[in-house]
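Accompanying notes for the structure given below.
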């Protein structure tokens, strides 16, 4: 997978200018490389009445982390498609009381190839990803998600 500052900048602008929620959450792209993506966000704009991160903010960060990887693939392969989340299941394991990160690794190359081939041949492709919220190397929330691209 490519690693370029212009690509990271493009993604950051996409997540915060084209998706107003990303700007409101003050998210940033901490890392985008051959391993995957890490999005970061401070607690303050994402806090609930208990002083911990709002569950919806955690889910939104995970969805955006997962969404980012196939979005980058579409851009790299110059493919025009609408990208949506088709299905997801979330699990919360502990409260978040500080700044947090959403982490998502690239899937196996075979899954990437299948996604791109189906999109090019059948105008619709899907890819399963597992983003998660990580604090101090501890997973506090996880998401199983299917992203769908429709040309």
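When you count the other C-beta atoms within 10 angstrom of each residue and take the mean per peptide, 39-45, 112-118 line up highest first as 39-45, 112-118.
Convex hull volume of the Cα atoms of segment 57-109, normalised per residue: 108 Å³. Angle of helix 109-122 to the longest C-alpha principal axis of the chain, folded into 0 to 90 degrees and rounded to 10: 60°. Subtracting the Cα-Cα distance of residue 84 and residue 122 from 0.36 nm times their residue separation leaves 12.0 nm of extension gain. On the basis of the beta-carbon distance and an R0 of 35 Å, residue 18 and residue 137 show a calculated FRET efficiency of 0.65. Counting only helical runs of four or more DSSP H residues, what would the 222 nm mean residue ellipticity of the chain come to if each run contributes -39,500 (n - 2.57) and the total is spread over all its residues? Mean residue ellipticity, 222 nm, calculated: -10500 deg cm²/dmol. Net length available on complete extension from residue 5 to residue 75 is 23.7 nm, with 0.36 nm assigned per residue and the Cα-Cα distance removed.
From zero outward in steps of 10 Å, how is the percent of C-alpha pairs of the chain spread across the bins? Calculated over all Cα pairs of the chain, the distribution is 12, 42, 34, 10, 1 percent. Take the Cα radius of gyration of segment 76-151 and divide it by 2.2 N^0.38 Å, N being the number of residues; the result is 1.30. If you take the alpha carbon atoms of segment 20-86 and fit the smallest convex hull around them, that volume is 100 Å³ per residue.
Approximating the spin labels as points 7 Å out from Cα along Cα→Cβ, the residue 50-to-residue 108 distance works out to 3.7 nm.
Throughout, read-outs are computed from the coordinates displayed, never taken from laboratory work. The model shown is predicted, which means the values in this text are computed figures rather than measured ones. With ideal geometry, Cβ positions are generated from the backbone for all residues, glycine too; neighbour counts draw on all protein chains shown.
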